[in-house]
1. So is Asp431 loosely packed, with under 14 Cβ neighbours inside 10 Å and of a type in the set (Asp, Glu) or not?
2. Only one residue in Thr445, Thr422 is within 27 Å of the chain's Cα centre (by Cα), within 16 Å of the ligand (Cβ to nearest atom) and not acidic (Asp, Glu). Which one?
3. So is Phe401 touching a strand residue (DSSP E or B) at 6+ places or on another chain (Cβ under 9 Å) and more than 16 Å from the ligand (Cβ to nearest atom) or not?
4. Exactly one condition in (1) exposed (fewer than 15 other Cβ atoms within 10 Å of the Cβ); (2) assigned to a strand (DSSP E or B); (3) of a type in the set (A, V, I, L, M) is not met by Ala113; state its number.
5. Determine if the range 463-477 includes at least one residue that is within 21 Å of Lys338 (Cβ to Cβ) and touching a residue at least 40 places away in the same chain (Cβ under 8 Å).
6. Identify all residues within the range 261-295 that are open to solvent by less than 10 Å² (accessible area, probe 1.4 Å), in contact with a Pro (Cβ under 8 Å, 6 or more places away or on another chain) and away from the ligand (no atom under 16 Å from the Cβ); write none if there are none.
7. Residue by residue through the range 1-52, note down the ones that are of a type in the set (Val, Ile, Thr) and crowded, with 16+ Cβ neighbours inside 10 Å.
Amino acid sequence: MVASIIKEATENSQLKTLAHELLDGIGPRLVGSPKMQQAHDWAVAKYTSWGVTARNEKWGEWRGWERGISHIDMIQPWVKTLEGTQLAWCPSTGGKDVTAELIIIPDVADSLAFVKWLPNVKGKFVMISMMQPTGRPDYNWTEFGAKESVEKMKKERTDQTDAWRKRISKTGLTNKDFALALEKAGAAGIVGSNWSAGFGVNKIFGANTKKIPTIDIALEDYGLLYRLLESGKNPKISVRTDSKELGMVPTFNTIVEIKGSEKPNEYVMLSAHFDSWDGGTGATDNGTGTLVMMEAIRILKKVYPNPKRTILVGHWGSEEQGLNGSRAFVEDHPDIVKNMQALFNQDNGTGRVVNIGGAGFLHSYEYMGRWLARVPAGYKQELETRFPGTPSAGGSDNASFVAAGVPAFGLGSNSWLYGSYTWHTNRDTYDKIVFDDVRNNAVLTAILVYMACEDPNTTSRDKIVLPANQRTGEPGKWPEQRSPTRKGGVD
Ligand SMILES: [Zn+2]
């Protein structure tokens, strides 16, 4: 069976086709966006074409929003089209360009002084991010910089970052109220730059404004505007953001099933969130986890069509806003959760799986160790395991199941600089996928699922005694099951 899995994965890999159709053909998958819905429909059609049962299961509703074009140009003191984009849920400029000067958030004494200063934003784009002292990532400085220069840069940057944080906190407002205060005071828009500590890479999250655009500009162009403004050159930018509000729309998980032949009411589940942020195409967060699970199922359907236990896949909606899809599934399907043999989740990039822990289940080594033993050496060369490990309280969807007592394991990938270069960034795109590693993970996952289905024993759910809280001395507590947000994106 293991040989058949490897053969199918190697000789007939569908990973590139799946990646192209999902990431290039559909694109990013923000909760509540039409693209998220398209992706769910695509997944169901794809599984159906493989003869596998799949359905979209509604778990809630969300503010519907559709991203349109973002155009950002500097038109004064010279002309340059700037690299940047509107944040998710950014208001539309109504098909028009908004042209205005800029102003930087000043260093005021306190919240009263800020309120007094606020009228200055009228008709201007407000720059709310610090200008980074360098656009070079630290590894580049370390490789080429003189030791003293590296240290000096780091100290300057830390001081500036601290000072900027204080500058914003002195307004006395939370991020959301801060944006709304600027909007209310008549700002033309909000301009930030959320640098992600790598060359040319910014993180793109959501807007807090209701009427005016909120945009992110790349470090290079943000610095250009900032320096021109500070030196009195009076830069002007022109911004157009198109978007559509679609009212409240239903949100789904795609649930996939291959019925078990001997123990149909016991389950082995594959898990990967399907939604993404929308600055890139969500290729490694979590396109690659999605591909791993789809490819594993495609392979298993071909070489292991009659599993002993029922195999399920959860392609979750809205992990990014708080594990909502998986929390809803756990809440809505207590009978499945109660009878789940194991769950495998992958959600930290394109890399080979190098970390697996026992999630705090006392006897996890007994079964996971046995299953992993059947994985050929080439597919676990750098794998480090920690048993019994500790329960995950968040971070990804396996936590939703661990909280309900399910032996749910995260398959931890190696880095490929995921945190800086692709996680939630404008550079999370198809070209970052390392297909050999993803194929490796599909094989590993398929073997684990096969072993979990075949195991004559039901997995033990006994938990470890958690260490006491170091701060309070109180006994350690197992993470609690939490309810999802079923109505999202509304105040
Ligand atoms: Zn993710």
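1. Criteria met by Asp431.
2. Result of the check over Thr445, Thr422: Thr422.
3. no
4. Failing condition for Ala113: (2).
5. Checking the range 463-477: at least one residue is within 21 Å of Lys338 (Cβ to Cβ) and touching a residue at least 40 places away in the same chain (Cβ under 8 Å).
6. Selection gives Val268 alone.
7. Val2, Ile5, Ile6, Ile26, Val31, Val44, Val52
Yes/no matrix, rows are residues, columns are (1) free of Cβ contacts under 8 Å to residues at least 60 places away in the same chain; (2) more than 30 Å from Trp78 (Cα to Cα); (3) in contact with an Asp or Glu (Cβ under 7 Å, 6 or more places away or on another chain):
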position: Leu225; (1), (2), (3): no, no, no
position: Gly232; (1), (2), (3): yes, no, no
position: Ser243; (1), (2), (3): no, no, yes
position: Pro250; (1), (2), (3): no, yes, yes
position: Tyr267; (1), (2), (3): no, yes, no
position: Gly280; (1), (2), (3): no, no, yes
position: Ala296; (1), (2), (3): no, yes, no
position: His315; (1), (2), (3): no, yes, no
position: Glu320; (1), (2), (3): no, yes, yes
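The values are calculated or read from the model by the stated rules, or taken from the named source; none is laboratory data. As the structure is a prediction and not an experimental result, all values here were calculated from the model. Because the Cβ atoms are built from the backbone with ideal geometry, glycine has one as well, and the counts that use them run over all protein chains shown. Surface accessibility is based on the protein's heavy atoms, side chains included, excluding ligands, DNA and RNA. Shrake-Rupley method; radii C 1.70, N 1.55, O 1.52, S 1.80 Å.
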